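The values are calculated or read from the model by the stated rules, or taken from the named source; none is laboratory data. Quick caveat, the model's predicted, so the values are computed rather than measured. Cβ: placed from backbone, ideal geometry, glycine included. Neighbour counts: every protein chain shown.
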Amino acid sequence: MKKYILLYALALFLVGCGGPSEKQMLQQYVDYTQFNHDMPALYEASKHKKLDGYEQSETLYIADMSHEIRFLMDFDQFSQYINESAGFFAPVYLMQIRTEFGDFKQGDVKKMTNTITFVKKESGWTLFQPN
């Protein structure tokens, strides 16, 4: 009986060790890849998955993640909306979008990959987003 209790305690300890669970990583990654909700949706993201990962330290986990995006409008439509609503910062924002995604048309699908850092906090593992 003591052997089983010891094995159970060891299993619980090992579950707490290491990086975040794949389920945790995927949920946080899905949230991370969603487009800014203050604007019309430029794309929808799907097919999220973890490609690889490693524990850099006790509090840092690095994961290679991927997903696909399908554009819901083309660059010209999005550009028109941004020019009307973003004012002075529109050209900078549009340049950032063009650099990140290139030229795209409505319905185009693009595979995206990211290296994501997860940080261990008291409440658990959290996707790190620099300010």
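Figures for the structure shown
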read-out: Residue that is modelled with pLDDT of 90 or more, over 20 Å from residue 124 (Cα atoms) and of a type outside the set (Ser, Thr, Tyr), where the choices are 88, 101; value: 101
read-out: Any chance residue 120 is surrounded by 11 or more Cβ atoms within 10 Å (Cβ to Cβ), at pLDDT 95 or above and of a type outside the set (Gly, Ala, Ser); value: no
read-out: Odd one out for residue 123, checked against (1) in contact (Cβ under 8 Å) with a residue 24 or more places away in the chain; (2) within 30 Å of residue 58 (Cβ to Cβ); value: (1)
read-out: Of all residues making up region 45-62, the number that are part of a strand (DSSP E or B) and more than 19 Å from the chain's Cα centre (by Cα); value: 1
read-out: Among (1) more than 30 Å from residue 21 (Cα to Cα); (2) of a type outside the set (Ser, Thr, Tyr); (3) surrounded by 15 or more Cβ atoms within 10 Å (Cβ to Cβ) - the single one residue 91 does not satisfy; value: (3)
read-out: Options 65, 95: the member that is under 16 Å from the mean Cα position of the chain (by Cα), of a type outside the set (Val, Ile, Thr) and either assigned to a loop (DSSP other than H, G, I, E, B) or modelled with pLDDT of 85 or more (or both); value: 65
read-out: Filtered residues of region 51-65 (kept if loosely packed, with under 15 Cβ neighbours inside 10 Å and within 19 Å of residue 111 (Cβ to Cβ)); value: 51, 52, 64
read-out: Candidates 100, 84, filtered to the one that is closer than 30 Å to residue 23 by Cβ, surrounded by fewer than 12 Cβ atoms within 10 Å (Cβ to Cβ) and free of Cβ contacts under 8 Å to residues at least 60 places away in the same chain; value: 100
read-out: Residue list for region 1-44, restricted to those being in a loop (DSSP other than H, G, I, E, B), over 27 Å from residue 122 (Cα atoms) and at pLDDT 80 or above; value: 41, 42
